[in-house]
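The values are calculated or read from the model by the stated rules, or taken from the named source; none is laboratory data. Keep in mind that this is a model prediction, so the values were computed, not measured. Glycine gets a Cβ as well: all are built from the backbone with ideal geometry, and neighbour counts include every protein chain shown. Just so you know, the surface numbers come from the protein's heavy atoms only, side chains and all, with ligands and any DNA or RNA stripped out. Shrake-Rupley method; radii C 1.70, N 1.55, O 1.52, S 1.80 Å.
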Amino acid sequence: MGITTLLIVVVVLAIAFDYINGFHDAANSIATIVSTKVLTPFMAVLWAALFNFVAYFVFTDHKVANTIAKTVIEEYITLEVIFAGLVAAIAWNLFTWYYGIPSSSSHTLIGGFAGSGMAYALFVGANPIDAINLSATLKIVSFIVLAPLVGMIISIIITLVIINICKKARPAVAEKWFKILQLVSSGALSFAHGGNDAQKVMGIIATALIAQGVIGSFEEMPEWVPLTCYAAIAAGTMSGGWKIVKTMGTKITKVTPLEGVSAETAGAITLGITEHFGIPVSTTHTITGSIIGVGLVKRVSAVRWGVTISLLWAWILTIPVSALLGGLTLAIIHYIL
């Protein structure tokens with residue numbers, strides 16, 4: 001069918017979402033390095049953006065993108081469905097960013113896309129559940145719990161190992177080395193964040209190109225798609241997201257350079273494992289769990305559980321609220337057009 005105005009709008013919206021994802025989720029990779037004063041906020045976002053983009057040259061299998069593309073069954077995908085899902089995802093992302101809530105950009109996108117797909121099924125007289133790839137969706141939903149849990153466990157193990165190795169080190173010397181190591185761990189987390197999150201928008205754009213008949217399958221995705229997505233998320237990260245940085249870096253628990261290294265390394269390992277298996281997880285959830293883990297090593301009361309419970313509610317609500325917004329957006333399009 002070729003290029004249409006709506007396809008161009010959808011691609012532009014998808015890239016805009018990727019940019020917003022960058023500044024919304026910048027806090028995930030720079031919060032601890034800023035709170036420990038290893039880097040200034042400006043230098044931290046440049047550092048994170050660099051590694052966001054470097055991931056383009058390494059993550060070439062696009063497994064996460066493929067999973068996202070299969071969230072909604074192909075016969076229920078139209079450009080209008082994708083457009084409505086993107087509008088919903090952008091709206092919820094901007095809302096949570098404005099109020100400094102570290103919600104998941106990944107789950108926002110998935111929820112908006114799934115909700116608009118279900119609404120489309122309803123309009124064509126089908127069962128809304130039939131529009132959803134349940135195996136892919138259940139895998140994604142299960143990692144709302146598993147990703148932060150895995151991040152927390154790994155961060156506890158890393159912290160305990162580091163403490164035992166360095167127990168005889170002089171505090172001033174150890175502090176100096178951990179500040180250097182935090183540059184490495186923060187870069188690794190930003191690298192993993194770029195590799196995981198940029199792929200989600202790649203999956204949406206590829207789905208739009210398939211729906212319009214521009215390409216025949218996911219494997220035929222043109223190279224400009226991943227290149228643009230990685231560039232967009234890196235540019236967004238450079239724009240920062242200071243309200244969420246404050247929540248992630250100081251409100252959950254006080255983080256030292258040692259703990260920053262542990263949390264960031266745990267987050268990077270978790271994201272690397274899930275990317276290998278093509279599971280789209282939330283960077284926000286993963287690093288939050290990792291930060292909680294380093295807090296628990298000190299004592300249970302070191303974690304500000306009131307803040308953590310508030311974050312948990314945002315996690316629980318993100319997919320259903322985004323799905324509702326996606327469905328409502330498609331309904332408006334359906335009745336207007």
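For segment 81-104, does any single residue satisfy the condition of being at pLDDT 90 or above, polar (S, T, N, Q) and closer than 28 Å to Ile333 by Cβ? So far as segment 81-104 goes, no, none of its residues is at pLDDT 90 or above, polar (S, T, N, Q) and closer than 28 Å to Ile333 by Cβ.
Considering segment 179-204 alone, what residues qualify as being out of contact with any Ser or Thr (no Cβ under 8 Å at 6 or more places or on another chain) and not small (Gly, Ala, Ser)? Selection gives Ile180, Leu181, Leu183, Val184, Phe191, Gln199, Val201, Met202, Ile204. Just one of (1) open to solvent by 10 Å² or more (accessible area, probe 1.4 Å); (2) modelled with pLDDT under 95; (3) not charged (D, E, K, R) trips up Asn52, so point out which. Exception for Asn52: condition (1). For segment 56-94, a tally of residues being in a helix (DSSP H, G or I), touching a Pro at 6+ places or on another chain (Cβ under 9 Å), of a type outside the set (A, V, I, L, M, F, W, C) and farther than 17 Å from Gly117 by Cβ returns 1.
Residues that are touching a strand residue (DSSP E or B) at 6+ places or on another chain (Cβ under 9 Å) and within 30 Å of Trp313 (Cα to Cα) do not occur anywhere in segment 43-63.
Can you tell me which residue in segment 185-221 is most open to solvent (accessible area, probe 1.4 Å), limited to those that are part of a helix (DSSP H, G or I) and free of Cβ contacts under 8 Å to residues at least 24 places away in the same chain? By that ranking, first place goes to Glu219. Quick test for you: out of Ser106, Ser116, pick the one residue that is surrounded by 24 or more Cβ atoms within 10 Å (Cβ to Cβ) and farther than 23 Å from Gln212 by Cβ. Exactly one of Ser106, Ser116 is surrounded by 24 or more Cβ atoms within 10 Å (Cβ to Cβ) and farther than 23 Å from Gln212 by Cβ, namely Ser106.
Taking the residues in segment 259-292 that are within 16 Å of Asn21 (Cβ to Cβ) and β-branched (Val, Ile, Thr) as candidates, determine which candidate is surrounded by the most Cβ atoms within 10 Å (Cβ to Cβ). Top of the filtered list is Thr286.
Here Lys167, Lys179 are screened, and the one residue that is over 24 Å from the mean Cα position of the chain (by Cα), touching a residue at least 60 places away in the same chain (Cβ under 8 Å) and open to solvent by 10 Å² or more (accessible area, probe 1.4 Å) is Lys179.
What residue, among those in segment 127-143 that are in a helix (DSSP H, G or I) and aliphatic (A, V, I, L, M), is most open to solvent (accessible area, probe 1.4 Å)? Checking each candidate, the answer is Leu138.
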